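Since the structure comes first, as structure tokens, the remarks are kept for the end.
The numbers here are math on the coordinates, done by the rules we state, and not lab data. Every value quoted in this text rests on a predicted model; they were computed, and no experiment measured them. No Cβ is skipped: glycine too gets one built from the backbone with ideal geometry, and neighbour counts run over all protein chains shown.
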6 protein chains.
Amino acid sequence: MRNQRYEQGWKMLERIDGDAGKQVTEALRDVAPDLARYAVEFPFGDVYSRPGLGLREREIATVAALTALGTATPQLEVHIHGALNVGCSREEITEVIIQMAVYAGFPAAINGALAAKRVFAQRDERTKE
Amino acid sequence: MRNQRYEQGWKMLERIDGDAGKQVTEALRDVAPDLARYAVEFPFGDVYSRPGLGLREREIATVAALTALGTATPQLEVHIHGALNVGCSREEITEVIIQMAVYAGFPAAINGALAAKRVFAQRDERTKE
Amino acid sequence: MRNQRYEQGWKMLERIDGDAGKQVTEALRDVAPDLARYAVEFPFGDVYSRPGLGLREREIATVAALTALGTATPQLEVHIHGALNVGCSREEITEVIIQMAVYAGFPAAINGALAAKRVFAQRDERTKE
Amino acid sequence: MRNQRYEQGWKMLERIDGDAGKQVTEALRDVAPDLARYAVEFPFGDVYSRPGLGLREREIATVAALTALGTATPQLEVHIHGALNVGCSREEITEVIIQMAVYAGFPAAINGALAAKRVFAQRDERTKE
Amino acid sequence: MRNQRYEQGWKMLERIDGDAGKQVTEALRDVAPDLARYAVEFPFGDVYSRPGLGLREREIATVAALTALGTATPQLEVHIHGALNVGCSREEITEVIIQMAVYAGFPAAINGALAAKRVFAQRDERTKE
Amino acid sequence: MRNQRYEQGWKMLERIDGDAGKQVTEALRDVAPDLARYAVEFPFGDVYSRPGLGLREREIATVAALTALGTATPQLEVHIHGALNVGCSREEITEVIIQMAVYAGFPAAINGALAAKRVFAQRDERTKE
């Protein structure tokens with residue numbers, strides 16, 4: 001079950017999401033382990049590994065889309081962490097989220113900003129420890 | 001009615017969207033002219049004019065969000081033009097769109113790619129003329 | 001198949017939508033006639049017939065929701081007609097649509113305004129005839 | 001207020017959802033009791049009672065749609081119970097949810113799988129008691 | 001930073017939402033203060049302040065849209081308060097929400113009704129104190 | 001570029017969608033050929049090839065989801081063909097679509113039924129030829 005796409009995806013996932021990838025894999029283990037595997041292979045093994053777009057731009061795109069959709073708060077938080085992990089600044093992330101007020105309305109942007117606030121607080125907490 | 005936010009927004013809109021801004025303003029003139037004005041003032045006068053995120057990154061975010069939402073094809077086409085106008089490559093734009101298969105599913109990504117195909121063809125056509 | 005809910009719904013539908021109800025019933029006749037029947041019985045026989053909210057307010061609510069969702073342009077056009085038929089002014093309808101920029105973003109509001117523009121033009125055309 | 005559609009719908013609802021129907025009716029009693037009644041009459045009295053599609057297939061369709069929409073987690077959980085109650089296996093349900101990664105993206109599928117995990121755990125808990 | 005649009009918007013926001021506006025401004029203060037400012041200026045300073053549609057109708061439109069979208073429960077609750085604050089009755093609000101079953105499905109309407117139930121209970125609680 | 005997942009996916013795609021798979025591959029060839037490849041490998045090579053759910057049930061799930069989402073009409077038409085190709089009856093497909101009125105509202109169901117009408121007409125046309 002461990003193939004090249006998975007191995008490549010897992011490395012990419014660790015680089016972007018840190019522990020979050022492991023947590024999703026854990027959470028899905030007993031209900032849909034193959035979904036956890038696909039969620040490594042296709043997004044990270046196939047897509048994020050592609051040349052042609054930098055990881056900072058990829059995370060900007062993902063934060064934008066998840067903020068606009070408004071249906072996937074846990075994944076938005078994971079990717080705000082991811083954006084910070086690949087070198088986006090907090091300011092860049094909040095700019096992306098503010099911009100979503102234009103395309104998906106103020107509630108989507110406000111809920112996205114509150115997700116960013118939670119993520120930033122988590123990271124401040126870790127730094128203190 | 002012409003204020004500083006509008007003037008600043010209009011310049012930004014011309015830089016990003018070229019003629020498309022004028023066309024939307026024209027189209028809305030007799031039905032909702034203030035909506036056309038707001039669509040310059042807030043998105044372009046307030047948001048896109050903000051420092052803290054580059055225009056290339058802003059257009060990547062917008063193309064991502066509109067591809068994922070799947071409800072605004074005309075605006076997606078305008079912003080694929082916009083992304084090219086501010087310096088994104090065709091490859092970068094298609095990478096953003098392909099990535100949306102992960103977050104919004106394959107139909108959204110395929111429909112986004114077909115929008116990009118139409119925009120690229122329009123620009124090839126213009127170049128020939 | 002013609003019951004009291006249907007009869008009451010059909011009268012309400014005629015009052016609100018004029019010919020549009022007949023057209024939907026026609027269009028669905030050979031593929032899903034019961035869906036056409038349900039679309040009279042439940043929305044118009046049950047819901048719009050309820051006391052407690054005026055028809056103008058009901059159409060304002062529907063125009064708002066369909067503009068915000070952005071996935072049902074034909075039905076939005078039918079209900080812009082409906083709003084006018086039950087006494088909303090063109091200005092009130094465009095105000096509702098402009099307001100949706102706040103809750104669903106500018107593309108949704110602009111696409112809603114262009115739907116209103118088409119409906120208003122149809123009615124101007126009819127008046128000329 | 002108790003009519004044939006309601007009676008037929010209630011029986012169908014009990015067969016599919018077990019106690020969940022009663023809980024929704026309870027929850028809505030003081031705020032919108034007619035909505036609770038409609039939620040029995042139309043979905044269960046009219047639609048699920050129709051011949052032409054088996055209950056297993058109906059629940060597969062509902063689990064698919066609610067997973068894809070991503071806006072109705074409580075109702076998704078109710079219908080995962082429902083799918084099990086009418087004879088779908090856990091494997092069939094997780095297959096439907098995994099498939100939604102294709103049409104609505106990985107976050108929708110992952111959140112659907114976590115809903116299934118919660119439902120399966122509830123049922124394991126009941127069995128133990 | 002305090003301009004005429006903001007001042008006008010803030011007064012409108014206080015009239016409609018009472019304390020909720022202050023709470024959002026507080027919550028966003030350290031993560032995206034300009035988003036809080038925009039959320040006053042554009043929706044309330046520009047849009048709600050427009051003549052041509054009454055505040056009751058504006059809140060009906062907003063409750064309808066947020067119920068139908070199903071992605072912004074906190075904002076829906078704020079605007080159910082808002083609708084009551086500008087003179088809508090509880091019955092009118094629940095009618096709008098019930099009607100959304102037609103346009104966005106039963107789960108959206110049921111979740112909207114449960115939001116209304118929570119808001120009504122909060123207000124009953126306040127009255128008791 | 002032709003690997004086992006692609007080969008298996010292509011066979012599955014041909015079985016389900018007939019010519020539609022080739023058309024999408026053609027359409028995307030010059031703009032995003034890898035998206036066309038992924039759209040074979042992951043949905044059809046990985047997901048539809050899984051045991052544990054029949055192809056009829058898989059197509060029922062897909063028709064339900066695409067009808068409910070309302071953002072992917074071309075793909076909905078492809079999968080109505082697909083459902084018929086793997087043995088669903090026209091009646092079963094329209095039942096799934098009617099049912100979506102419950103979960104995504106009447107406009108989504110009506111637009112889905114009109115898509116089914118177009119597909120059924122195409123197939124009647126082919127039969128005549």
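A straight line joining the Cα centroids of the stretch A:58-95 and the stretch C:99-129 runs 34 Å.
Sorted from greatest to least, the principal axis extents spanned by the alpha carbons of chain D come out as 43, 37, 28 Å. As a length-normalised measure over Cα pairs under 8 Å and 6 or more apart, the relative contact order of the stretch C:1-82 settles at 36 percent.
Of all the options A:P43, A:P51, A:P33, the one that moves most in a Gaussian network model of chain A with Cα springs shorter than 10 angstrom is A:P51. What the pair-distance distribution of the protein assembly as shown shows, using all Cα-Cα distances binned every 10 Å from zero, is 3, 14, 25, 28, 21, 8, 1, 0 percent. Taking a ≥ b ≥ c as the square roots of the eigenvalues of the Cα gyration tensor, an a/c ratio of 1.5 or more together with a/b no larger than b/c marks the stretch E:1-50 as oblate. Between C:R50 and A:Q4, the simple spin-label model (points 7 angstrom out along Cα→Cβ) gives 6.0 nm. The rotation axis taking chain A to chain F passes closest to the C-beta of one chain A residue; that residue and the distance in whole Å read A:F42, 3. Sequentially through the stretch E:67-84, phi angles give Karplus couplings (6.51, -1.76, 1.60; θ = phi - 60°) of 5, 5, 5, x, 10, 9, 4, x, 5, 4, 4, 4, 7, 5, 3, x, 4, 5 Hz, Gly and Pro residues having no value and appearing as x. In the stretch E:54-129, inverting the average of 1/r over every pair of distinct C-alpha atoms gives 12.0 Å as the Kirkwood radius. Assuming R0 = 25 Å, what is the FRET efficiency of B:E26 and B:Q122, from their Cβ-Cβ distance, to the nearest 0.05? Step by step, r from the Cβ atoms, then E = 0.85. Look at the stretch C:78-91: the mean tally of other chain Cβ atoms within 10 Å of its residues' Cβ atoms is 1. Put one equal scatterer on each alpha carbon of the stretch C:34-80, apply the Debye formula with no solvent term, and list log10 I(q)/I(0) at q = 0.24, 0.25, 0.34 1/Å to two decimals. Here log10 of I(q) over I(0) equals -0.97, -1.01, -1.10. Loop-located GluC sites (Glu not before Pro) in the stretch D:39-116 (DSSP state not H, G, I, E or B) with no more than 12 neighbouring Cβ atoms inside 10 Å do not occur. Using alpha-carbon pairs under 8 Å, 6+ residues apart, how would you state the relative contact order of the stretch A:38-98 in percent? Contact order relative to length: 33 percent. Per-residue Cβ neighbour counts within 10 Å put D:T25, F:T127 in the sequence F:T127, D:T25, beginning with the fewest. Taking 28 Å as the limit for the C-alpha separation, the pairs A:K22/D:K128; B:K22/C:K117; A:K22/A:K128; F:K22/F:K128; C:K22/F:K117; D:K22/E:K128 exceed it in the case of A:K22/D:K128; D:K22/E:K128.
Within chain D, the longest segment free of exposed loop sites, counting trypsin sites (Lys or Arg not before Pro) that fall outside DSSP classes H, G, I, E and B and have at most 14 other Cβ atoms within 10 Å, spans D:30-129. Between E:V24, E:G54, E:P74, the Cα set farthest toward the positive side of the dipole of chain E (charges on each charged residue's Cβ, about the Cα centre) is that of E:G54. Helix-only estimate, please: 222 nm mean residue ellipticity of chain F, summing -39500 (n - 2.57) across DSSP H runs of length 4 or more and dividing by its residues, to the nearest 500. The per-residue figure over chain F is -24000 deg cm²/dmol.
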